[in-house]
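Student: Encoded as C-alpha cells, here's the structure I'll be asking about.
Please treat every number below as a calculation from the coordinates, not as lab data. Computed from a predicted structure; not experimentally measured. Cβ sites come from the backbone with ideal geometry, for glycine too, and all protein chains shown count toward neighbours.
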Amino acid sequence: MGSKPARGMMVRIIFYSLLIAAMVSQSSGIRVVQEKEQVTKTAVFAMGSFWRAEAVYGCITGVVRTRVGYSGGSKLNPDYHSIGDHAECIEVEYDPKLISYERLLNVFWANHDPTQIFGQGPDVGPQYRSVIFTQGEEEVKLATASWDSEQLKLGKNEVVTEIQPLQAFYSAEAEHQKFELRQNSSLFQILGEITNDELIASTIATKLNGYAAGMCTPSVKKLLDTKVRPFLFNRSRLEEMFSS
Ligand SMILES: *[C@@H]1O[C@H](CO)[C@@H](O)[C@H](O)[C@H]1NC(C)=O
Ligand SMILES: *[C@@H]1O[C@H](CO)[C@@H](O)[C@H](O)[C@H]1NC(C)=O
C-alpha cells in the first residue's frame with residue numbers, strides 16, 4: 001500500500017526533472033540561435049561619387065552589405081538626374097564584432113579629399129560634398145573626434161566635411177547599385193540570375209564590386225583571386241572539357 005504514494009512521488013520527480021531539462025535545453029537552444037545571428041549596424045557617408053565609395057567599402061573586412069543612395073537634402077524622392085540638394089551617399093552595413101565605427105571613419109578620411117569644397121577631383125557640384133551622417137550620440141562623438149584629428153593632420157588646409165544627423169536615405173536606382181561590378185560582365189555573370197534586391201542584399205556582390213574596381217588591399221585581392229578564378233570563363237579549360 002505504502003508504495004503507491006512513493007511511486008506517485010517518483011513519477012512527479014521524473015516529470016519535473018524532464019520539464020526542467022527541457023526548459024534548460026530550450027533556453028540554451030535559443031541562446032545558440034542568438035549567438036549565430038549576425039547583429040549588424042549601418043553607417044552613412046558622402047565622399048564624392050557613390051560608385052567609387054561603394055567599391056571602397058565593399059572590400060573592407062567586416063562590411064556585410066553596401067547600398068548607394070541620396071541623403072542630406074530636402075527634395076522628396078530624389079533620383080540621379082534630379083538629385084536636388086542631396087549628396088551621393090553610401091550606406092555601409094557592418095558587423096561591429098569585426099570592424100568598428102572608428103575604423104569605418106578612417107576609411108572615409110583615407111579615400112577622398114575632405115578639403116575640396118563641393119566636389120571630388122573631376123566630379124564638381126554639391127552632390128559630391130563630404131559628409132558624415134550620424135545616427136546617435138556615440139557616432140556624433142566619434143565623428144567629431146576623428147574630424148578634429150583629421151584637421152590637426154592637415155594643418156592649414158581646412159577640412160570642409162560636414163557632420164550631420166542622418167535624416168531620410170533614398171536608395172539610388174538599380175543601375176547605380178554595384179556599379180563597378182556591372183561594368184565587368186565576366187565577374188557580374190558569376191552571380192547568375194539575380195534581381196536588384198538580391199544584388200543589394202548580397203555580401204558576395206558587395207565584395208566583388210570592390211574587387212572589380214581594383215579597390216581591395218593586396219591580401220584581400222589575392223584571396224578573392226583564388227575564390228573567383230574557377231568561376232571565370234576560361235577557354236582553355238572549356239576546350240579541355242570538349243576534347244575529353
Ligand atoms: C574583370 O575582372 C577580372 C577579375 O578581376 C579581370 O581579370 C578582368 O580584367 C576584368 N575585366 C574588365 C573588363 O575590367
Ligand atoms: C584555365 O584553365 C587551364 C586548364 O584547366 C588552367 O591551366 C589555367 O590555370 C586556367 N586559367 C585561369 C586564369 O584560371
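Student: Mind listing whichever residues of the stretch 163-190 are among the acidic types (Asp, Glu) and surrounded by fewer than 15 Cβ atoms within 10 Å (Cβ to Cβ)?
Tutor: So in the stretch 163-190, the residues among the acidic types (Asp, Glu) come out as 173, 175, 180.
Listed by number, the residues that qualify are GLU173, GLU175.
Student: A follow-up question, please. Need pairs with beta-carbon distance below 7 Å; first residue free of Cβ contacts under 8 Å to residues at least 40 places away in the same chain and closer than 15 Å to LEU187 by Cβ and within the stretch 223-244, second assigned to a helix (DSSP H, G or I) and within 16 Å of ligand 1 (Cβ to nearest atom); sequence gap 6+ or separate chains.
Tutor: Every condition considered, the pairs that remain are LEU224/LYS207; LEU224/TYR211.
A quick yes/no check of all residues on (1) within 14 Å of ligand 1 (Cβ to nearest atom); (2) within 23 Å of VAL92 (Cα to Cα); (3) aromatic (Phe, Trp, Tyr):
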residue	(1), (2), (3)
THR206	no, yes, no
GLY210	yes, yes, no
ALA213	yes, yes, no
SER219	no, yes, no
THR226	yes, no, no
PHE231	yes, no, yes
ARG235	yes, no, no
PHE242	no, no, yes
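Student: Tell me yes or no: at least one residue of the stretch 194-207 is touching a residue at least 24 places away in the same chain (Cβ under 8 Å) and out of contact with any Lys or Arg (no Cβ under 8 Å at 6 or more places or on another chain).
Tutor: yes
Student: Could you please find all residues in the stretch 197-219 being surrounded by fewer than 18 Cβ atoms within 10 Å (Cβ to Cβ) and either over 16 Å from the mean Cα position of the chain (by Cα) or within 16 Å of ligand 2 (Cβ to nearest atom) (or both)?
Tutor: GLY214, THR217, PRO218, SER219
Student: Right, next: Applying the selection to the stretch 226-237, what residues are more than 9 Å from ligand 2 (Cβ to nearest atom) and surrounded by 12 or more Cβ atoms within 10 Å (Cβ to Cβ)?
Tutor: Residues of the stretch 226-237 that are more than 9 Å from ligand 2 (Cβ to nearest atom), as a first pass: 226-228, 231, 233.
Listed by number, the residues that qualify are LYS227, VAL228, PHE231.
Student: Which of the helices (runs of 4 or more DSSP H) found entirely inside the stretch 160-202 contain at least 1 residues meeting this: out of contact with any His (no Cβ under 6 Å at 6 or more places or on another chain), away from ligand 1 (no atom under 16 Å from the Cβ) and within 24 Å of THR42 (Cα to Cα)? Show your work before the answer.
Tutor: On the way: elements: 179-182, 185-188, 196-201.
In the stretch 160-202, the matching helices (runs of 4 or more DSSP H) lie at 196-201.
Student: Could you say which residue among ALA205, ALA143, ALA201 is over 30 Å from SER74 (Cβ atoms) and of a type outside the set (Lys, Arg)?
Tutor: Values: ALA143 fails: over 30 Å from SER74 (Cβ atoms); ALA201 fails: over 30 Å from SER74 (Cβ atoms).
Among ALA205, ALA143, ALA201, only ALA205 is over 30 Å from SER74 (Cβ atoms) and of a type outside the set (Lys, Arg).
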